[in-house]
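Presented below is the structure to which this report refers.
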Amino acid sequence: MLARDIVWRALLAALFLIPAPKAAHAGEAASAIRIAHLRIKPDQMAAFAAAVKEEMEAALRLEPGVTAIYAVADKQDPTRLTFFEMYTDENAYQTHRETPHFQKYFHSTQDMIAERALLEAAPFELRDKYNTPAETSGVSAHEARAIRIAHLRIKPDRMAAFAAAVKEGMEAALRLEPGVAAIYAVADKQDPTRMTFFEMYADENAYQMHRETPHFQKYFHSTQDMIAERALLEAVPFELRDKHALRAGKKPVAP
């Protein structure tokens, strides 16, 4: 396990040429990411939603190492959920799993979940309104109404060029577009050429406007031959919680 981590970190540094972000959401350093894909039994959706809301509220309020937990639903099939979870480090994630509120959630929802897949990831480039200076005020992540999740596989020999293009495009998007709340790019820890982009927008119009900007068009066209595989998912909020909203005393916006 140690040898694999050392090799993975060396590969990450050599390919990405990007230092780990100094700040993730709400000014917290996020170095451990988990992405969970679940399918909920249709007749259990209401009970599952209540369990998720209770667990998330406790996690963000009680655990310093939990930076953000965003749960979203597939727009075409609301029983299919994606959880994007950010922790200060691996120890914070392991500590989270042992808390009474997580254990209650885990055991009480076992019979509600029909399918479950968990991805362990590491930061590639994390940008939001809290860590990227913006020229105009805009929507915060917990207020986002339109979500896009992109799954990409990058050609290994194009990783450095792709990393540079992503960093430039993200910085411009967060700085110039009020409707872009956050764009989080992470790499599969087992295969760093496989990327997940979790993108949060004020609404659908903000996403469509984003696609027409010069910086997105530059990124899109310059990276076409760097990407070997691409899949895009449209999603809507299920439950969005982060430290910034908690500290500001803001309540989650109803989906």
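Each row is one residue, and each column tells you yes or no for (1) within 30 Å of Ala164 (Cβ to Cβ); (2) assigned to a helix (DSSP H, G or I); (3) in contact with a Leu (Cβ under 8 Å, 6 or more places away or on another chain).
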{"residue": "Leu38", "(1), (2), (3)": "no, no, yes"}
{"residue": "Val52", "(1), (2), (3)": "no, yes, no"}
{"residue": "Tyr70", "(1), (2), (3)": "yes, no, yes"}
{"residue": "Gln76", "(1), (2), (3)": "no, no, no"}
{"residue": "Phe83", "(1), (2), (3)": "yes, no, yes"}
{"residue": "Thr95", "(1), (2), (3)": "no, yes, no"}
{"residue": "Phe102", "(1), (2), (3)": "no, yes, no"}
{"residue": "Thr132", "(1), (2), (3)": "yes, no, yes"}
**Report entry** Verdict on Ala245 being at pLDDT below 95, part of a helix (DSSP H, G or I) and small (Gly, Ala, Ser)
**Finding:** yes
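Would you point out the residue of region 30-47, among those that are of a type in the set (A, V, I, L, M, F, W, C) and surrounded by fewer than 22 Cβ atoms within 10 Å (Cβ to Cβ), that is nearest to the chain's Cα centre (by Cα)? Please lay out each step first, then the result.
Just the residues of region 30-47 that are of a type in the set (A, V, I, L, M, F, W, C), to begin with: 30, 32-33, 35-36, 38, 40, 45-47.
Those still in the list that are surrounded by fewer than 22 Cβ atoms within 10 Å (Cβ to Cβ) too: 35-36, 38, 45-47.
Working: Ile35: 8, Ala36: 11, Leu38: 15, Met45: 22, Ala46: 24, Ala47: 24 Å.
It comes out as Ile35.
Might you check whether a residue that is among the basic types (Lys, Arg), farther than 25 Å from Asp188 by Cβ and touching a strand residue (DSSP E or B) at 6+ places or on another chain (Cβ under 7 Å) occurs anywhere in region 143-152? I'd like the intermediate steps shown before the answer.
Of all residues in region 143-152, those among the basic types (Lys, Arg) come to 145, 148.
After this cut, where a residue has to be farther than 25 Å from Asp188 by Cβ as well, the list is 145.
Still in the running and touching a strand residue (DSSP E or B) at 6+ places or on another chain (Cβ under 7 Å): 145.
Yes: region 143-152 contains one or more residues that are among the basic types (Lys, Arg), farther than 25 Å from Asp188 by Cβ and touching a strand residue (DSSP E or B) at 6+ places or on another chain (Cβ under 7 Å).
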Report summary line: Within region 139-173, restricting to residues that are more than 26 Å from Leu81 (Cα to Cα) and not hydrophobic (A, V, I, L, M, F, W, C), the one that is surrounded by the fewest Cβ atoms within 10 Å (Cβ to Cβ) is Asp157
Query raised in the report: Of the conditions (1) surrounded by fewer than 21 Cβ atoms within 10 Å (Cβ to Cβ); (2) touching a Lys or Arg at 6+ places or on another chain (Cβ under 7 Å); (3) modelled with pLDDT under 95, Tyr93 fails just one. Which one is it?
Result: (3)
**Report entry** Matching residues, region 78-112, being over 16 Å from Ile35 (Cα atoms) and free of Cβ contacts under 8 Å to residues at least 12 places away in the same chain
**Finding:** Glu98, Pro100, Gln103, His107, Gln110
Query raised in the report: Within region 172-190, can one find any residue that is of a type in the set (S, T, N, Q) and either in a strand (DSSP E or B) or in contact (Cβ under 8 Å) with a residue 60 or more places away in the chain (or both)?
Result: yes
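The values are calculated or read from the model by the stated rules, or taken from the named source; none is laboratory data. Everything numeric here is computed off the predicted structure, so don't read it as measured data. We place every Cβ from the backbone using ideal geometry, glycine too, and count neighbours over all the protein chains shown.
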